1. Name the long-range amide H neighbours of Leu452: under 5 Å, sequence gap of 5 or more, or other chain; modelled H, no Pro or chain starts.
2. Can you tell me the orientation of helix 355-364 relative to the chain, as the angle in degrees between its alpha-carbon axis and the longest Cα principal axis, to the nearest 10?
3. Hey, what's the per residue convex hull volume over the C-alpha atoms of segment 316-364, in cubic angstrom?
4. In segment 397-473, which trypsin sites (Lys or Arg not before Pro) are in a loop and have at most 16 other Cβ atoms within 10 Å, using DSSP for the loop call?
5. Just to check I understand the Karplus step: with θ = phi - 60° and J = 6.51 cos²θ - 1.76 cosθ + 1.60, what whole-Hz values come out for segment 371-382, glycine and proline as x?
6. Take segment 351-454, drop everything but the C-alpha atoms, weight them equally and run the Debye formula without solvent; then report log10 I(q)/I(0) at 0.13 Å⁻¹ to two decimals.
7. Helix 300-310 sits at what angle to the longest principal axis of the chain, using alpha carbons and giving 0 to 90 degrees rounded to 10?
8. Would you please put 327-333, 207-213 in order of how densely packed they are, using the mean number of other Cβ atoms within 10 angstrom per residue and starting with the highest?
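Derivation of every value follows stated rules applied to the coordinates shown; laboratory data play no part. A quick note: this is a predicted structure, and the numbers were derived from the prediction, not measured. Ideal geometry is used to build each Cβ from the backbone, glycine not excepted, and the neighbour counts take in all protein chains shown.
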Amino acid sequence: MKHTQWILGLLLTVGCTKTNHADEGNHPEVKQVTYIESKADFPNPERGFYRYSETRVDDYNLLEEEELKGYRDVQNITGAGYSVLSTLVFRYFILEGYNNKPLPATFLENFKKDAATARKAGVKLIPRFTYTVTSNAGSCPEGFICPPYGDAPKNMVLQHISQLKPLLQENADVIACLQMGFIGTWGENYYTDYFGDASSNGQSKLLNNNWADRGEVLKALLEALPPDRMVQVRYPQVKQRYIYGVNAPASSAALTTEEAAQENDKARIGYHNDCFLASANDYGTYEDYGNSSSPRKEATTAFRNYFSMDSRYVVVGGETCSDDYSPQNDCEPAGKAEQEFGEMHYSFLNAHYNAEVNNDWQTGGCMDNIKRKLGYRLVLKDGTFPDKVTPNDSVAVMINLQNVGYAAPYNPRPVQLILREKSTGEKHVFEFNTEIRTWLTGSIQLKQAFRLPAGIKAGSYEMLLNLPDKYASLKEMPAFSVQLANEQVWEPATGYNQLNHTINIQN
């Protein structure tokens, strides 16, 4: 009965800004705490501007811990007029020379070393594997790039993925997401010797067997990762034709709220758009590449609509590639850069390329907003908490937050209420029943009653909110916990966020 009255009392006090005392009966006292939003830019896991790196199988340059740690602080970008801080490192693994033979053990061992370095440095990787990053000019129709391009046949791609699978599984904690790669120059799935050349150098579209072959590679990559990690594809049609078949129309259904975070294939395929706001269709990103019975054709509106809806619950990132689409790719009001980031739910972007486009955001005045809002940005608004309880009571809390970023978090993580006794440091951890991957831009409410554990000692307990990494290897490392965008809440030594309220547990 006491618990029921407590909850009723809590509901009646929402909106108050001071301690409320029940008019009659033995009701716990409750208090509403309000919070001040911070406008600072600070590092948070799995979001923001990423730093670029590349390495080759036979000329492997290992990542360096101190350099990666430095990325978490504000640094100038070479050749650019802006500075960034980063928790993500894009890692190009160039498999040149291994188009027809297995990857050597030394390469696999170096991959493990890179993952260990990232773990120590407090950053995560965005890996992409490719056989070539070279464009050979010639007398072919495209001119600047001509076949043979230098990628690998399907059987070798699948063999390499099989070799990498144990490493991807073992080091998934520091893999933010994996880009599909492998197919074509730069791993962008376009200029390819073996998977259907959709350029004017080749057949100018994709055939049914090309879609099927690409689907096999995507399936192998999804299976090479644990189910809580996503694979990014370069074109939305790759996902549609993997999920719905080679005849899937551009109007195919996007991921729904009910399907989100289910960790099946449909919920695990995101996007890397490597030509963000480069043209009306982002240089072929939003294009129908046909099949054996249909031609290649324009489908920008349909694919943009699909991308916008589907990307609410999957990871989106990429890079800019051309400043020719100006003023559209500039800051508002002349352009629509921030609008596009929000509508397409971007979580990360290349800090280095294309600096001409990114520089325009600095001079245009929207770069600071973009730096803060890429991915999630969670702000505490207010919370309602009990002032004192007995060990037999439940602790009912209501916390209102707002995600002012462009996207929801794309990897799972627990959301915890922590009670920490002020004199002894004794901690009790309670987990909210919520799915952080559905925390879209807008309001979020955490409302739950927690039963105190048997034997809890009387005392004064600080209340904290903790959003640690899911993986045991990282969950105690503050660099991988989420900092809320508020003044005077972050504890850098623990990775906890202070709720600025103390609850007294009385016998």
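1. Val395
2. The angle comes out near 40 degrees.
3. Hull volume over Cα atoms, normalised by residue count, gives 66 Å³.
4. The qualifying sites are Lys422, Lys457, Lys470.
5. Whole-Hz 3J(HN,Hα) from phi for segment 371-382: 4, 6, 9, 4, x, 8, 8, 9, 10, 6, 9, 7.
6. -0.65
7. The answer is roughly 30 degrees.
8. Packing order, densest peptide first, comes out as 207-213, 327-333.
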